[in-house]
């Protein structure tokens, strides 16, 4: 049978995730991978999983194995309200919905909001997973300018003044891929701008709990609650394999996002949600999160110091107070894809930054480096090899 002629027209825009393809290459155990965005297995609370499971069996019994509400397992939604309150977001359980990872929310948002040709405003660079979710619905991307403090509010104002934007997509805290964080001052400006233009913002916040220094910055949701869909996840602070994402959306959008999810998976894994509920209810997160931070903080410091001391002076590394990534920019026109290919030969992998831009002309001289999956000694070795490869390249 000829499958090609039966495919929907939108499949031409469904591309394999570049990072996933890179991860196939680095499955070789000899390769040091700084490419993925994976939490370290050392960060998983394995020592309490049996206790959590026993609590689930005792508290919920067979309910944890039954079909459940599309909106999410109510005990988990109650606990998520407590978690959200620590971030300054005060809400009710009926306003918090659970999805299969935060990717599930992005897919639902795309399905409900994007028609062919709609304009979506986003940072340059931006999160590749969001593009994967949005692309099949054939939007037009309007890229906005960033600097070391994240999105430049003037660029947002200019974009909204010149274009009819369906929604804005941002990762304001420890952005993937750059690690940058939008300051509170800029968030206040952004909130005012989106309220002025009556525009919807999708605020993606998977990393804010992974803060290694400095004070937390209020989500934009707290500054313009009626204009923001706030998305987060437990993947980075519990276990990604459970696929627990969640969101708080304006009331008039919730029913549409729920209907979208019903057509995909009916509801998120009940057992996983019950485990997450007990993890939060028992305050295990409060004791476990410092362990995660103590694991990642020295890895980030080691990587930053190695980059700044070993890479040529023409290369710069953006500072970050948390998250999982560092962003490196080489001299204009430097080919990071060629460097990646040469580095693979030297058994080190990273992600060329070009893949995070919607404009194919941008990002060739940038790279994203992940530090959560390697220890300090391995990071020093890997950065040293990349630095050696750079020195051998003519540019």
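The values are calculated or read from the model by the stated rules, or taken from the named source; none is laboratory data. No experiment lies behind these values; they were computed from the predicted model shown. Don't worry about glycine lacking a Cβ; one is built from the backbone with ideal geometry, like all the others, and counts go over all protein chains shown.
Does residue 157 count as surrounded by fewer than 21 Cβ atoms within 10 Å (Cβ to Cβ), without any contact (Cβ under 8 Å) to a residue 60 or more places away in the chain, under 21 Å from residue 218 (Cβ atoms) and within 19 Å of the chain's Cα centre (by Cα)? Spell out how you get there, then give the answer.
On the way: surrounded by fewer than 21 Cβ atoms within 10 Å (Cβ to Cβ): yes; without any contact (Cβ under 8 Å) to a residue 60 or more places away in the chain: yes; under 21 Å from residue 218 (Cβ atoms): yes; within 19 Å of the chain's Cα centre (by Cα): no.
So residue 157 fails the test.
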Whichever residue in region 321-353 is touching a strand residue (DSSP E or B) at 6+ places or on another chain (Cβ under 7 Å) and assigned to a helix (DSSP H, G or I) and, among such residues, is nearest to residue 175 (Cα to Cα)
353
Among the residues of region 362-395 satisfying the criterion of being over 21 Å from the mean Cα position of the chain (by Cα) and not in a helix (DSSP H, G or I), which is surrounded by the fewest Cβ atoms within 10 Å (Cβ to Cβ)?
394
Can you run down the residue pairs with Cβ atoms below 9 Å, 6 or more apart or on separate chains, where the first is in region 77-96 and outside the structural domain of residue 255 (by TED's automatic domain parsing) and at pLDDT 95 or above and the partner is part of a loop (DSSP other than H, G, I, E, B) and crowded, with 19+ Cβ neighbours inside 10 Å?
none
Go through region 75-98 and report how many residues are surrounded by 14 or more Cβ atoms within 10 Å (Cβ to Cβ) and closer than 19 Å to residue 285 by Cβ.
15
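Quick one: is residue 282 at pLDDT below 95 and over 24 Å from residue 38 (Cβ atoms)?
no
If you go through region 139-170 one residue at a time, how many are farther than 16 Å from residue 357 by Cα and in a strand (DSSP E or B)?
The first filter runs over region 139-170 and keeps only residues farther than 16 Å from residue 357 by Cα, leaving 148-149, 152-167.
Still in the running and in a strand (DSSP E or B): 165-167.
Final tally of qualifying residues: 3.
Can you tell me which of 57, 65, 73 is in the same structural domain as residue 247 (by TED's automatic domain parsing), touching a strand residue (DSSP E or B) at 6+ places or on another chain (Cβ under 8 Å) and at pLDDT 95 or above? Walk me through it before giving the result.
Values: 57 fails: touching a strand residue (DSSP E or B) at 6+ places or on another chain (Cβ under 8 Å); 65 fails: touching a strand residue (DSSP E or B) at 6+ places or on another chain (Cβ under 8 Å).
Just a single option satisfies the conditions, and that option is 73.
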Which of the numbered conditions does residue 149 fail, given that it passes all the others? Conditions: (1) touching a strand residue (DSSP E or B) at 6+ places or on another chain (Cβ under 9 Å); (2) without any contact (Cβ under 8 Å) to a residue 60 or more places away in the chain.
(1)
Enumeration of residues in region 331-343 that are over 23 Å from residue 31 (Cα atoms) and free of Cβ contacts under 8 Å to residues at least 40 places away in the same chain
332
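Name every residue in region 189-204 that is assigned to a strand (DSSP E or B) and within 12 Å of residue 156 (Cα to Cα), in order of residue number.
Matches in region 189-204: 201 only.
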Considering 262, 273, 255, which residue is in the same structural domain as residue 97 (by TED's automatic domain parsing), over 18 Å from residue 165 (Cβ atoms) and crowded, with 23+ Cβ neighbours inside 10 Å?
273
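Suppose the filter is surrounded by fewer than 23 Cβ atoms within 10 Å (Cβ to Cβ) and assigned to a helix (DSSP H, G or I); does residue 186 pass it?
Details: surrounded by fewer than 23 Cβ atoms within 10 Å (Cβ to Cβ): yes; assigned to a helix (DSSP H, G or I): yes.
Spelling it out, residue 186 is indeed surrounded by fewer than 23 Cβ atoms within 10 Å (Cβ to Cβ) and assigned to a helix (DSSP H, G or I).
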Is it fair to say residue 309 is outside any helix (DSSP H, G or I) and on the phi < 0 side of the Ramachandran plot?
no
